[in-house]
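Student: Structure provided below as structure tokens; questions to follow.
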Amino acid sequence: MRSLTPGLHGNHPRHVSGLTLIELLVTMSVLAVLLAVGIPSFASLMQRWRVDATIESLVADIRLARSTATRTSRAVVMCARAADGNCSAGNDWSTGWVVFSDLNGDSALDVGEPLIAERPNQSGMASMPDKTSQARLTFRANGTLESGKTSVGIRPKDSAKTVASVVINAMGRTRVQTIN
């Protein structure tokens, strides 16, 4: 923007830089409108990212448990984590989970049993209910699931319904089913 403003040496053109108050207010108004439109869609995007990250973690640890069982020829248990770090008696995986080699076959994490993996509570998840009564997967030495087919539902916070389900078949293989 160029203007003729009086300087020290008369009326010579000089370059004036900066914003006027009107320009600043218009810019702020446009920015406020863009944020008002964009924030709700960003929140749903963040929720989807949390769901995807939770599913990826769960599936990766199920695969880890199964492969460890076949590699070591020992039973491996993956169970929902209680507050004390042991297996929970409930059926909700959102509290986190532990994966360990079950050396004595009691499906409980005991002193001396190797801890393979541990995940903390899953942020952004309201619940992750297991189809069975207890959130526990036991893989036999051959990699098959002791309890047969099961599934884990994924329900994020701020959602009234389950949005996805991780299905584990009797062979220990996983697939993700999206629920509309």
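Student: Of the residues Thr20, Thr68, Thr54, which exhibits the maximal mean-square fluctuation in a Gaussian network model of the chain defined by a 10 Å Cα contact cut-off?
Tutor: It is Thr20.
Student: Please determine, in degrees from 0 to 90 and to the nearest 10, the orientation of helix 21-72 with respect to the longest principal axis defined by the Cα atoms of the chain, where the helix direction is its Cα long axis.
Tutor: 20 degrees
Student: How big is the dipole moment of the chain about its Cα centre under a simple scheme where the beta carbon of each Lys and Arg is +1, that of each Asp and Glu is -1, and everything else is neutral? Debye, nearest 20, please.
Tutor: 620 debye
Student: Would you order Phe42, Phe100 from fewest to most other beta-carbon atoms within 10 Å of each residue's own beta-carbon?
Tutor: Arranged by neighbour count, lowest to highest, Phe42, Phe100 become Phe42, Phe100.
Student: Restricting things to alpha carbons, find the Rg to Rh ratio for the range 28-116 using the Kirkwood radius for Rh.
Tutor: Radius of gyration relative to Kirkwood radius: 1.27.
Student: Looking only at Leu31, Leu103, Leu58, which one moves most when the chain is put into a Gaussian network model with springs between Cα atoms under 10 Å?
Tutor: It is Leu31.
Student: By how many nm would the segment from Leu24 to Arg173 lengthen if fully extended, with 0.36 nm per residue of separation less the alpha-carbon distance?
Tutor: 47.8 nm is the gain from fully extending Leu24 to Arg173.
Student: Considering only Ser151, Ala89, Thr178, whose Cα is most displaced toward the positive end of the charge dipole of the chain, charges sitting on Cβ of Lys, Arg (+1) and Asp, Glu (-1)?
Tutor: Thr178
Student: Could you give the length gained on full extension between Asp52 and Ala89, defined as 0.36 nm per residue of separation minus the Cα-Cα distance, in nm?
Tutor: 10.7 nm
Student: Per 10 Å bin from zero, what fraction in whole % of the C-alpha pairs of the chain is there, up to the bin with the longest pair?
Tutor: 9, 29, 22, 10, 7, 7, 7, 6, 4, 1
Student: Quick one: if the Förster radius is 41 Å, what FRET efficiency do Ser67 and Ala126 give, using the C-beta to C-beta distance and rounding to 0.05?
Tutor: 0.85
Student: Also, quick follow-up: Once the other residues with Cβ under 13 Å from the Cβ of Val163 are scored (Lys, Arg +1; Asp, Glu -1), what is the net sum?
Tutor: Working: positive: Arg48, Arg50, Arg155, Lys157, Lys161; negative: Asp52, Asp158.
Combined, the nearby Lys, Arg, Asp and Glu give +3.
Student: How far, in nm, would the chain grow between Asp158 and Glu146 when pulled straight, counting 0.36 nm per residue and subtracting the alpha carbon separation?
Tutor: 0.9 nm
Student: With a 10 Å Cβ neighbour count serving as the proxy for reagent exposure, in which order, fewest first, do Ile22, Ile62 appear?
Tutor: Taking fewest neighbouring Cβ atoms as first place, the list is Ile22, Ile62.
Only the coordinates and a few stated rules stand behind these numbers; no lab work does. For clarity, every value in this text was computed on a predicted model and none was experimentally measured. Reconstructed Cβ throughout: ideal geometry from the backbone, glycine too, with neighbour counts over all protein chains shown.
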